[in-house]
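These notes are about the structure you will find just below.
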Amino acid sequence: MTKASDLFVQALQAEGVDHVFGIPGEETLALLESLRSSGIRLVLTRHEQAAGFMAATWGRLTGQAGVCLATLGPGATNLVTAAAYAQLGAMPMLMVTGQKPIRSSRQGHFQIVDVVDMMRPLTKYTRQLISADAIPAKVREAVRRAQEERPGATHLELPQDVAGDETDAIVLPPVYSRRPLAEDKALAAAAEAIARARHPLLMIGAGANRKTTSKMLHAFVDGLGIPFFSTQMGKGVLDESGPLWLGTAALSDGDFVHRAIDAADCIVNIGHDVIEKPPFSMHRGRRTVIHVNYSPAVVDQVYFPQIEVVGDIAHSVWALAERLDPQPHWDFGFFDRVREALCGHVATLAADARFPMAVPRLVASLADALSPDDITCLDNGLYKLWFARHARCRRPNSLLLDNALATMGAGLPSAIAAALARPASRVVAVCGDGGFMMNSQELETAVRLGIDLVVLVLRDDAYGMIKWKQAHDGYPAYGMDYGNPDFVRYAESYGARGHRATSIEGFEAQLREALARPGVDLIEVPIDYGRDDALLNREIPELAAAVA
């Protein structure tokens, strides 16, 4: 006979789990003891929300469900934002929460909320374990659901009395599964439409951010020479340093990339995910739109593709490449002019010598300091638009940003998980002062774990993005400004090294030094968003419109 909590941990190990992020509670002590005697590493965090962000990021980087642990009641409710983060962002994650004994309890309804029902709209699968015998099947199903396309969040509740039960159940053996392949008719129709087009264009979305898909897409564009752009969460799937990159759809419209989109007569959407705002609006008869994804398109008034290639994306891309050759009538001249204008404008902004710094200059400074395999993790704020627009990623998941839930507070926990998952890569967290303070306590976690991490805190002493929107909409300034701690001393209080940039040259030197040494460094960087409204809403659209 096996103790249920031991069986639960064995079931996790059978699914390849080797890290669990979280905070134990009274109701999870049996599970904690089972973890202690296993080979799984417990990463103790300072808040359950941060544990969820770490587990989701682990899933995003590895493709295997990241696991987070919390107790009942407030521990479980603190996972809600992380559940939405993983679910909307297509990051495989399993949440495990405790519960009071379900057969008998002397504590009435103390701390009890219906966690399973609470998680239902935020997950792909949520269940309470009412029998120790069911543990192997439920763990397998929760992990399978989390990892299968489209990935997302799942949840299991393990009551205290069930965790202590004895059972003769055993873990399930490994299973081989195969993803369905697209129909030949759909592939033939898509290939014919691409070959017939005069100005075909590829759009790379979040669903293409898979290792095999990236490999097949590189072969596709190298062989056919079709230009591409990406959504924010599709960045890095294809190498953006080459001559076929046309930019990132970071702005809603009016950017250089939107001129290329408008000129395309056939757009091939590889892995388009409706969680991200569509970068273009469809009009009947104007162009052919091809949807290539694991699942059919979610049709709405701005997205109704004429051809759907539904099945394993990597195989679909390979099959399309097999059916296509470069066509003599393809004309990419206008796309080349768009790229030239975009790159020239990016270079101009990167040379901005203002201090406090402009974000485009910060993006350029980071690009000079990091290698293609290093990882930058963003929190959420106005700076995210500039990173999405200007960073030219060469590897998948080298720029971790969230354009799905777009929650604040995830940047630092995400960077900690990235440092654990990719120890050979240098990791930088970029956080606004507002987002950083939402989970800044995890600096202690980073120091305790002994990871190497650089944290940039972009300081403007306000909720800058909303303040910008407030001004743009004509409202008076109100309710956006706050005070901040001394970030240098704050970092040092946790055992990290703290620095404050006082010039661009000083910041760049601090960054290089921090990246070259072990441990945790925090650099406070004053940021100037003063020109952003004019740039984003007037200057960029005017310059883009002038491309002929």
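Bear in mind these aren't lab numbers, they're just calculated from the coordinates by the rules spelled out. Predicted model only: the values in this text are computed from it and were never measured. With ideal geometry, Cβ positions are generated from the backbone for all residues, glycine too; neighbour counts draw on all protein chains shown.
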Would you pull out the residues with amide H under 5 Å of residue 500's amide H, same chain only if 5 or more places away, H placed 1.01 Å from N? 524
If we sort 265-272, 464-471 on the protection proxy, mean other Cβ atoms within 10 Å, highest first, what's the order? 265-272, 464-471
Which whole-angstrom value gives the distance between the alpha carbon centres of region 484-512 and region 412-452? 15 Å
Determine by what factor the alpha-carbon radius of gyration of region 351-536 differs from 2.2 N^0.38 Å, reporting the quotient. 0.97
Which residue, chosen from 476, 441, 213, occupies the Cα position most advanced towards the positive end of the dipole of the chain, where the dipole is computed from +1 (Lys, Arg) and -1 (Asp, Glu) charges on Cβ about the Cα centre? 213
Give the residue list of trypsin sites (Lys or Arg not before Pro) in region 274-368 that are DSSP loop and have at most 13 other beta-carbon atoms within 10 angstrom. 284, 286, 354
Going through the cross-link list 124/469; 211/277; 277/467; 100/138; 138/384, which pairs have a Cα-Cα distance over 27 Å in this structure? 124/469; 138/384
Between residue 486 and residue 211, the two model label points (7 Å from Cα along the beta-carbon direction) sit apart by a distance in nm of 4.7 nm
What number comes out for the charge environment of residue 116, summing +1 per Lys or Arg and -1 per Asp or Glu over other residues with Cβ under 10 Å away? -1
So, with +1 on the Cβ of K and R and -1 on the Cβ of D and E, and no other charges, what is the size of the charge dipole of the chain about its Cα centre, to the nearest 20 debye? 540 debye
Could you give the nm distance between label points at residue 394 and residue 18, where each point is 7 Å from its Cα heading toward the beta carbon? 2.7 nm
Using amide H atoms built in the peptide plane, which far-off residues or other-chain residues are under 5 Å from residue 66 H to H? 59, 93, 94
Furthest towards positive pole of dipole, 294, 413, 530, structure part the chain, Cβ charges: 294
Considering Cα pairs under 8 angstrom that are at least six residues apart, work out the relative contact order of the chain and quote it in whole percent. 13 percent
Relative to the Cα centre, what is the charge dipole magnitude of region 171-213, using +1 at the beta carbon of each Lys and Arg, -1 at the beta carbon of each Asp and Glu, and rounding to the nearest 20 debye? 140 debye
Dipole-positive endmost among 194, 153, 247 within the chain (Cβ charges, Cα centre): 194
Using only Cα atoms, locate the centre of region 514-535 and the centre of region 27-85, then give the distance between them in Å, rounded to an integer. 30 Å
Find how many whole Å separate the alpha carbon centroid of region 222-249 from the alpha carbon centroid of region 304-353. 6 Å
Working out 0.36 nm times the residue gap between residue 509 and residue 466, then minus their Cα-Cα distance, what length gain in nm do you get to one decimal? 12.3 nm
Between residue 36 and residue 424, what is the label-to-label distance in nm when each label sits 7 Å out along the Cα-to-Cβ direction? 3.6 nm
Cβ-Cβ FRET estimate between residue 286 and residue 127, R0 fixed at 51 Å, reported to 0.05: 0.65
Using 0.36 nm per residue, how much length does the chain from residue 534 to residue 44 gain when fully extended, once their Cα-Cα distance is taken away? 171.9 nm
Cα convex hull volume per residue for region 126-229, in Å³, equals 140 Å³
Here the relative contact order (percent) of region 131-258, from C-alpha pairs under 8 Å and at least 6 apart, is 17 percent
Please list, ordered by chain and number, the residues whose modelled amide H lies under 5 Å from the amide H of residue 410; skip anything fewer than 5 residues away on the same chain. 380
From DSSP H assignment alone, runs of 4+ in the chain each adding -39500 (n - 2.57), the sum over residues rounded to the nearest 500 puts [θ] at 222 nm at -11500 deg cm²/dmol
Equivalent-ellipsoid semi-axes of region 184-331, from the Cα gyration tensor, Å, largest first: 19, 17, 17
If you count, for each residue, the other Cβ atoms within 10 Å and average over each peptide, how do 504-517, 482-495, 173-186 line up from highest to lowest? 504-517, 482-495, 173-186
Going by average Cβ density within 10 Å per residue, which order do the peptides 211-222, 407-418, 342-353 take, highest to lowest? 407-418, 211-222, 342-353
